[in-house]
Amino acid sequence: HELINACGNQLKEITGFDHVTFQSNSGATGEYVGLLCIKNYLRDTTPESDNNICLIPNSAHGTNFASAKLAGLNIKRIDDAIINDVNKFKEHIKQFGNNIACLMITYPGTNGVFQNNIKEIIDIVHDSGGLVYMDGANMNAICGLLKPAELGFDLCHLNLHKTFCIPHGGGGPGMGPILCNDKLGDYLPTNV
């Protein structure tokens, strides 16, 4: 417990988030569980809304689409060129009204691009009533430089075998901890 708690506190410091769970045994299951946290939060806070749309950039890793499908979300692919242009993005998402559950985006992007407008994109999604999930697959590019929580993300998972080089494959452990803000803290799985 001491080891897990110490690791969790370090990950909270690195990401800027307040809550962590180690229940997810891989990045892909971290995605799935993180999306369920978002769904459950929205169910409880906006029960009258049909906010079940998950926006995912075309460049996203395939597990993003699979996780959103398993979580029962309505996937809407979005061109990266639209995400990279705040005005186009704002105009594009108008068609979904208040039905956006979340934007699931890797930062920096799977194609290696740092979206300079990420804070504005996050604000637009928040203004529409949705949350923003950061796929932490490329966290190694920002670790020690930026904290996802400070950028406005609501939740992220980390692939510890990528960013922090734990053994993986050949029998090594998979680990995809989820970290989130206070809004979603009560929705994380626990073993209590």
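The values are calculated or read from the model by the stated rules, or taken from the named source; none is laboratory data. Since the model is a prediction, treat every value here as computed from it, not as a measurement. For neighbour counting, all protein chains shown are included, and Cβ atoms are generated from backbone atoms with ideal geometry for every residue, glycine included. When the accessible area is computed, the model is the full protein with side chains, heavy atoms only, and any ligands, DNA or RNA have been set aside. Shrake-Rupley method; radii C 1.70, N 1.55, O 1.52, S 1.80 Å.
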query = Hey, can you rank 8-16, 48-56 by average C-beta count inside 10 Å, highest first?
reply = 48-56, 8-16
Among PHE164, PHE153, PHE89: highest mean-square fluctuation, GNM of the chain, C-alpha pairs under 10 Å = PHE164
query = When you count, for each residue, the other Cβ atoms within 10 Å and take the mean per peptide, how do 73-80, 142-149 rank with the highest first?
reply = 73-80, 142-149
remark   = Residue-normalised value, i.e. accessible area per residue, for region 102-150 at 1.4 Å probe, in Å², stands at 39 Å²
query = DSSP H helices in the chain with Cα extent of 18 Å or more along the helix axis and mean Kyte-Doolittle hydropathy at least -1.0?
reply = 2-15, 27-45
ask   = What is the extension gain from ASP127 to ASP44, computed as 0.36 nm multiplied by their sequence separation minus the C-alpha to C-alpha distance, in nm to one decimal?
value = 28.1 nm
inquiry  = Can you compute the helix-only [θ] at 222 nm over the chain? Use -39500 (n - 2.57) per DSSP H run of at least 4 residues, normalise by all residues, nearest 500 deg cm²/dmol.
reply    = -11000 deg cm²/dmol
message = Counting only other residues whose beta carbon sits under 13 Å from that of ASP85, what net charge do I get with K and R as +1, D and E as -1?
response = -2
remark   = Taking a label point 7 Å from the Cα of ASN111 along Cα-to-Cβ, the residues of region 73-95 whose backbone nitrogen sits under 20 Å from it are 76-93
query = For region 24-165, which whole-number percentage of the solvent-accessible area (1.4 Å probe, protein heavy atoms only) is attributable to carbon and sulfur atoms?
reply = 49 percent
